[in-house]
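Enquirer: This structure is in structure tokens; I'll ask about it shortly.
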Amino acid sequence: RLWLAEPGAIAAGALFGQFPSKTALLVEVGGSVICVLAQIGMKPDTIFYFWRWDPSARLWEGGMFGTVPQVLYLCIGFGTAIFVTSQYASARTMLTRLAPPDKLADFFGLFALSGVATVWLGSFLVTLFTSIYKSQQAGFVPIAGLLIVGGIVLTFVKGGGKDQYRTN
């Protein structure tokens, strides 16, 4: 999914050109939540939780991604990657707008620490939910939950608007 970094960065730039930092980030987090929830609702014979699909009906012969649910799952995964990548770019840009210039390194250190903590917490919750519910789909529910919590916390952040570009 590394090649999706470019569309994600372009999407972040487009959102930042039109909206304040917080709004752009909220759109990106919301898009990620929608994509993750859509992925959770996909099965070989089900599209988006309720639409039944014959898993033997193939779009083409061959290996993986030959059925409609598989192709949709792949496309939603691309969407997730683009939204997450744009979140990285947007979060860093917003941080540079919010942090005092003399404390920028401290703020980026805290930013990195929070990312590491989230990786550990997210991995733990995915493992916990997967083992409790015996389902990989259930294992992804905490990811959506963490994104939702992050979006809610973000609504309380003040500043970081388009007019707060750093010049030094």
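Enquirer: Calculated from the structure, mean projected area of the Cα convex hull in nm² equals which of (1) 11.7; (2) 12.6; (3) 10.5?
Expert: (1)
Enquirer: Please work out the average accessible area per residue across the chain, using the 1.4 Å probe convention, and give it in Å².
Expert: Details: 10460 Å² over 168 residues.
Each residue of the chain exposes 62 Å² on average to a 1.4 Å probe.
Enquirer: Okay, next question. Span-like helices, the chain: DSSP H, alpha-carbon axial extent 27 Å or more, mean Kyte-Doolittle 0.5 or greater, which ones? Intermediate results must be reported in sequence, preceding the final value.
Expert: On the way: long enough: 21-40 (28 Å, 1.47); 68-98 (44 Å, 0.86); 104-133 (43 Å, 1.60).
For the chain, where a helix must reach 27 Å along its axis and average at least 0.5, the hits are 21-40, 68-98, 104-133.
Enquirer: Ordering ARG58, ARG52, ARG97 by how much accessible area each has at a 1.4 Å probe, largest first, what is the list?
Expert: The residues order as ARG52, ARG58, ARG97, largest area first.
Enquirer: How big is the dipole moment of the chain about its Cα centre under a simple scheme where the beta carbon of each Lys and Arg is +1, that of each Asp and Glu is -1, and everything else is neutral? Debye, nearest 20, please.
Expert: Details: 12 positive and 8 negative charges, 52 e Å.
Roughly 260 debye for the chain.
Enquirer: Rank these residues by their accessible area, most exposed first, probe 1.4 Å: LEU59, LEU125, LEU26.
Expert: Values: LEU59 90, LEU125 40, LEU26 60 Å².
The most accessible residue leads, giving LEU59, LEU26, LEU125.
Enquirer: How would ILE34, ILE40, ILE82 line up by accessible area, probe 1.4 Å, largest first? Before the final figure, lay out each step's value.
Expert: Working: ILE34 120, ILE40 25, ILE82 45 Å².
Of ILE34, ILE40, ILE82, the descending order of accessible area is ILE34, ILE82, ILE40.
Enquirer: Under a 10 Å cutoff between Cα atoms, tell me which one of SER56, SER131, SER21 has the largest fluctuation in the Gaussian network model of the chain.
Expert: Looking only at SER56, SER131, SER21, the largest GNM fluctuation is found for SER56.
Enquirer: Still on this structure, please answer the following. Taking amide hydrogens as modeled 1.01 Å from N in the peptide plane, which residues meet the under 5 Å criterion relative to THR46, leaving out close sequence neighbours?
Expert: HN-HN under 5 Å from THR46: TRP53.
Enquirer: Given H placed on each backbone N at 1.01 Å, which residues far from THR67 in sequence or on other chains put an amide H within less than 5 Å of it?
Expert: Answer set, sorted by chain and number: LEU59.
Enquirer: What is the percent carbon and sulfur in the accessible area of the chain, measuring with a 1.4 Å probe over the protein chains and ignoring ligands? Working shown, then result.
Expert: Working: 7510 of 10460 Å².
Ligands and nucleic acids excluded, carbon and sulfur reach 72 percent.
The values are calculated or read from the model by the stated rules, or taken from the named source; none is laboratory data. Bear in mind the structure is a predicted one, so any value in this text is a computation, not a measurement. With ideal geometry, Cβ positions are generated from the backbone for all residues, glycine too; neighbour counts draw on all protein chains shown. In case anyone asks, the SASA skips ligands and DNA or RNA and just uses the protein heavy atoms, side chains included. Shrake-Rupley method; radii C 1.70, N 1.55, O 1.52, S 1.80 Å.
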